[in-house]
1. Along each of the three principal axes of the Cα atoms of segment 88-143, give the extent in whole Å, ordering the values from largest to smallest.
2. Find, to one decimal place in angstroms, the Kirkwood hydrodynamic radius of segment 1-152, where the mean of 1/r is taken over every pair of different Cα atoms and then inverted.
3. Kirkwood Rh, Cα Rg: Rg to Rh for segment 132-254?
4. Given R₀ = 41 Å, FRET efficiency for Ala120-Ala141 by Cβ-Cβ distance, to 0.05?
5. In the chain, which helices (entire DSSP H runs) extend 15 Å or more along their own long axis, judged by Cα positions, while averaging at least 1.0 on the Kyte-Doolittle scale?
6. Show that you can apply the helix-only estimate: for the chain, add -39,500 (n - 2.57) for every DSSP H stretch of four or more residues, divide by all residues, and state [θ] at 222 nm to the nearest 500.
7. Under a plain spin-label model, where a point goes 7 Å from the Cα along Cα-to-Cβ, how far apart in nm are Met198 and Ala221?
8. Compute the label zone of Ser162 within segment 66-102: residues whose backbone N is under 18 Å from the point 7 Å along Cα-to-Cβ.
Amino acid sequence: MRRPFIAGNWKMHCGPSQARDLALAIRNGVLGSPDVVDVLVCPPFVSLAAAAEILAGSTVQLGAQNVFWEEKGAWTGEVAAAMLLDSGCQWVLAGHSERRQFFGETDETVAKRLHAALAAGLKVIVCVGETLEEREADQTAAVVTRQVRGAVGALSMQDWNSVSLAYEPVWAIGTGRVATPEQAQEVHHLIRDLIGEMASQATQEAVRILYGGSVKPGNAAELLSKADVDGALVGGASLQAADFLGIIAAASGS
Ligand code: 13P
């Protein structure tokens, strides 16, 4: 059985003081509940150190939302993997659709970020997902296959231990329009098959695949009940501690 994994992507919300408050509410909220779910929060870069201070010693893990692939140097505005580790991160996201849509992220740059992060000792959630236009043109499987192969096609067996995937259909992100559990399961199953082709059967069974796109306390349990949906990457609902804790509670029962 794969251990459920609930991750909050705070996107461009919460500077250091707000991040402290939200991290504290989440830390206190999971305190005393059975430790059966992996919980991760991903604040903006500037709030990582503040959140790390609050989360030290708790089971809530810390991640960043992006990473650059160079180690150091004249790369104004960029942040290296070692800096994220130094700020208390265990995880980083790579290839979020907002990076792909608005910041020129490609399958190639996702792979570069992934490899740099792994080499530095970070764990990575690689995000994939089709746009509405692609879904309506029946391109979902082709797009997701290309994105998955492009990002994680060249991983070593050992690297796979540090990688999770997130399926986030772009049309379900921040829209309130959630994929049906069946739609999610169909794509998650495809991704798991691809992992089997690229890696091994053991890896295929071990890697966690999260669903993202308008996950709320009210729809989490149904999504998580699907065989290949191992967790959630939560945007909007991760900014309210009560909602995020509700999703974690749903995962505890899944
Ligand atoms: P929402 O939960 O706000 O739809 O965002 C999903 C997402 O993009 C998480 O990375």
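No value in this document is a laboratory result; all are computed from the given coordinates. Note that the structure is predicted; figures quoted are calculated from it, not measured. Cβ placement follows ideal geometry from the backbone for every residue including glycine, while neighbour counts extend to all protein chains displayed.
1. Between the extreme Cα coordinates on each principal axis of segment 88-143 lie 41, 20, 19 Å.
2. Details: mean 1/r = 0.0609 Å⁻¹.
One over the average 1/r among Cα pairs gives 16.4 Å for segment 1-152.
3. Details: Rg = 14.5 Å, Rh = 14.9 Å.
Rounded to two decimals, Rg over Rh is 0.97.
4. Numbers: r = 33 Å, r/R0 = 0.80.
Efficiency for this residue pair is about 0.80.
5. Numbers: long enough: 16-30 (21 Å, -0.04); 107-120 (20 Å, 0.11); 140-152 (18 Å, 0.61); 181-198 (25 Å, -0.52); 241-252 (16 Å, 1.66).
Span-like helices here: 241-252.
6. Working: 12 runs with 115 residues, N = 254.
So the helix-based figure for the chain works out to -13000 deg cm²/dmol.
7. The answer from the label model is 3.4 nm.
8. 66-72, 79-95
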